[in-house]
1. Looking at LEU16, LEU9, LEU39, which is the one that is touching a Lys or Arg at 6+ places or on another chain (Cβ under 8 Å) and among the hydrophobic types (A, V, I, L, M, F, W, C)?
2. Across segment 93-110, what is the number of residues that are within 18 Å of ALA22 (Cβ to Cβ) and surrounded by 15 or more Cβ atoms within 10 Å (Cβ to Cβ)?
3. If I ask for residues that are touching a Ser or Thr at 6+ places or on another chain (Cβ under 8 Å) and at pLDDT below 85, which ones from segment 66-102 would you list?
4. Given the condition loosely packed, with under 14 Cβ neighbours inside 10 Å and assigned to a helix (DSSP H, G or I), answer yes or no: does some residue in segment 76-83 qualify?
5. Which of the residues belonging to segment 33-46 are at pLDDT 90 or above and surrounded by 13 or more Cβ atoms within 10 Å (Cβ to Cβ)?
6. Has segment 53-65 got at least one residue that is modelled with pLDDT of 90 or more, surrounded by fewer than 13 Cβ atoms within 10 Å (Cβ to Cβ) and closer than 24 Å to ILE105 by Cβ?
Amino acid sequence: MSAPFDPGLQPERTLLAWRRTALALAVASIIIVRFTLELYGGFAIIVGAVGLGLALAAAWLAHRRYVAAHTELHRSGTLPSGGILVALLAVTVGLLGLASAAFVIGRGLGLGVRL
């Protein structure tokens, strides 16, 4: 009898990929603070903290999704649906993109200290 799915490897690989993505978002959030702090002060810290919080939430949701997928695959052989993790990723990337654009525009206008 063949199983309808890989009995353990695919969910783990997917979880590891989401963990790497969350780690990359956390690092990007910290780097955004580093570069925009001189231009935007406390606002840069808030943006970085929100980005870091969203990255941690993505890691937590990825773990929850893994547990749900693993359980459902063993129970019925199907994957549960849901897109909140992808939506959270999109919001975080959008926030970091806006912060990056603000940095570029701020530097172009001569704001802050030149490195």
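The values are calculated or read from the model by the stated rules, or taken from the named source; none is laboratory data. Just so you know, these numbers come straight off a predicted model, no measurement behind them. Cβ coordinates were reconstructed from backbone atoms using ideal geometry, including for glycine residues, and neighbour counts include every protein chain displayed.
1. Going through LEU16, LEU9, LEU39 in turn, the sole match is LEU39.
2. Kept after step one, since they are within 18 Å of ALA22 (Cβ to Cβ), are these residues of segment 93-110: 93-97, 99.
This time we only want the ones that are surrounded by 15 or more Cβ atoms within 10 Å (Cβ to Cβ), so: 93, 95-96, 99.
So the count comes out to 4.
3. Residues satisfying the conditions are ALA69, GLU72.
4. Start the filter on segment 76-83 by keeping residues that are loosely packed, with under 14 Cβ neighbours inside 10 Å, which leaves 76-78, 80-83.
Then drop every residue that is not assigned to a helix (DSSP H, G or I), which leaves none.
No, every residue in segment 76-83 fails to be loosely packed, with under 14 Cβ neighbours inside 10 Å and assigned to a helix (DSSP H, G or I).
5. The answer is VAL33, ILE45.
6. No: segment 53-65 contains no residue that is modelled with pLDDT of 90 or more, surrounded by fewer than 13 Cβ atoms within 10 Å (Cβ to Cβ) and closer than 24 Å to ILE105 by Cβ.
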